[in-house]
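Everything below concerns the one structure shown next.
The values are calculated or read from the model by the stated rules, or taken from the named source; none is laboratory data. Owing to the predicted nature of the structure, the values given are computational and were not obtained by experimental measurement. When we count neighbours, we look across all protein chains shown, and the Cβ atoms used for this are built from the backbone with ideal geometry, even at glycine.
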Amino acid sequence: MASTRHDESSLSPANFQHESERDRGGGEAHAAQVAGLFREHNRALIAFLSSRLDSIAEAQEVAQEAYVRLLRLENPEQVGFLRAYLFRIASNLAVDRLRQRNVRADAAEDELFEAWLDTPVPERRALAVDQLRLVREALRELPRKTSAAFVMHAIEGKGFDAIARKMKLTERMVRYHVARAMAHCRARLDAQEES
């Protein structure tokens, strides 16, 4: 996993045997089973993960990690169905990846308003009026869907799922529009502070 490129060449069956020998001092039978799983089910695993993660690159990364974890099992003979176990490992890793994404998105949202909350009230009011004007201008520069999603989420406090239903978009697209609007507004506010 030292390589940053995660494609099927880094997930070749030959690599499974080397990984297994390096980590557990043998286990050719287990490595051969995992290599067989790779040959027979890797495309299905990547499709399964990419549908959950909405990214083929991330799906390949998660699949690679799942294969490595499967290879590192201390007692592989205790697992009855390696294919099912492989998909369970991959599913759990995908859930972890999605949680990390949500934490990062929430942190970016909080960052936008942190400085504002730390300013004393009279100064905060004057600053808020100026920042609100900049945000309005920035939102007018964006496509209608992007600014509407941002307003519904950041100002009206609606959840991504509710916005997705109302705008007839996927939740992923709503998150994209909100993040895009937030980044644009942050850039405008930062440009104002620097000048």
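A few comments on the model shown:
- Qualifying residue in the range 21-40 (condition: within 29 Å of R172 (Cα to Cα) and either modelled with pLDDT under 90 or not hydroxyl-bearing (S, T, Y) (or both)): no
- Among the residues of the range 163-195, those identified as under 18 Å from the mean Cα position of the chain (by Cα) and among the hydroxyl-bearing types (S, T, Y) are T170, Y176.
- 2 or more residues at pLDDT below 85 and over 30 Å from R52 (Cβ atoms): qualifying helices (runs of 4 or more DSSP H) within the range 98-169: 121-141
- Residue list for the range 154-171, restricted to those being buried (at least 16 other Cβ atoms within 10 Å of the Cβ) and within 28 Å of S195 (Cβ to Cβ): A154
- Residues in the range 34-89 that are among the hydroxyl-bearing types (S, T, Y) and part of a helix (DSSP H, G or I): S50, S51, Y67, Y85.
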